[in-house]
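Notes to accompany the following structure.
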Amino acid sequence: MSAVEIGFGVSPGTLNFALSPGDSAEVFLSVLNRGASTEEYLISLDNEVYAGWFETTPSNFELQPGQERQVAVKLSVPSSSREDADCKIELLQTSYTNVLIGIRVPVHI
C-alpha cells in the first residue's frame, strides 16, 4: 500500500474551537474504514504541550471494512492559558508494522 492508497477517512477535516480559558467543549470525529481488511487505529496529538488539554474516546480502536466509528474529542482549555493554540490530532493506522499511515486533523483554539 502506498501513501496515496490510504484506506480510511476522517471528517471533519479541521476542528476550530472558540473557547476562553477555563472553558471546555466536545466534538466528534467520524472515522471510516474504506479498505478491504480490518484495521487498528490510534488517536494522538502532534504537540505534547497540549496533550493534557485533550481527551479522545476511544483513543484506540478497530474497524471492520466499511465500518464507521465516532470518536469524541473533548478539549478543556486551562484557566492559565493566555494565547491561541494550533496543533494537530493524528489518526494513525497501526496495522502495518513497517510504516505508520495517518491523517492529521488541524485544530485551532
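Sort out which residues of region 79-109 are at pLDDT 70 or above and either surrounded by 13 or more Cβ atoms within 10 Å (Cβ to Cβ) or under 13 Å from residue 12 (Cα atoms) (or both), and write them in order of number. Give the steps one after another, and end with the answer.
Taking region 79-109 and keeping what is at pLDDT 70 or above, we get 79-95.
Within region 79-109, 81, 85, 87, 88, 89, 90, 91, 92, 93, 94, 95 meet the criteria.
When region 19-38 is filtered for residues that are surrounded by 11 or more Cβ atoms within 10 Å (Cβ to Cβ), under 23 Å from residue 62 (Cβ atoms) and of a type in the set (Gly, Ala, Ser), the ones remaining, listed by number, are 30, 35.
When restricted to residues that are within 28 Å of residue 82 (Cα to Cα) and part of a strand (DSSP E or B), region 31-69 contains 7.
The values are calculated or read from the model by the stated rules, or taken from the named source; none is laboratory data. Note that this is a predicted model, so its numbers are computed, not measured. Using ideal geometry, Cβ is built from the backbone for each residue, glycine included, and neighbour counts are taken over all protein chains shown.
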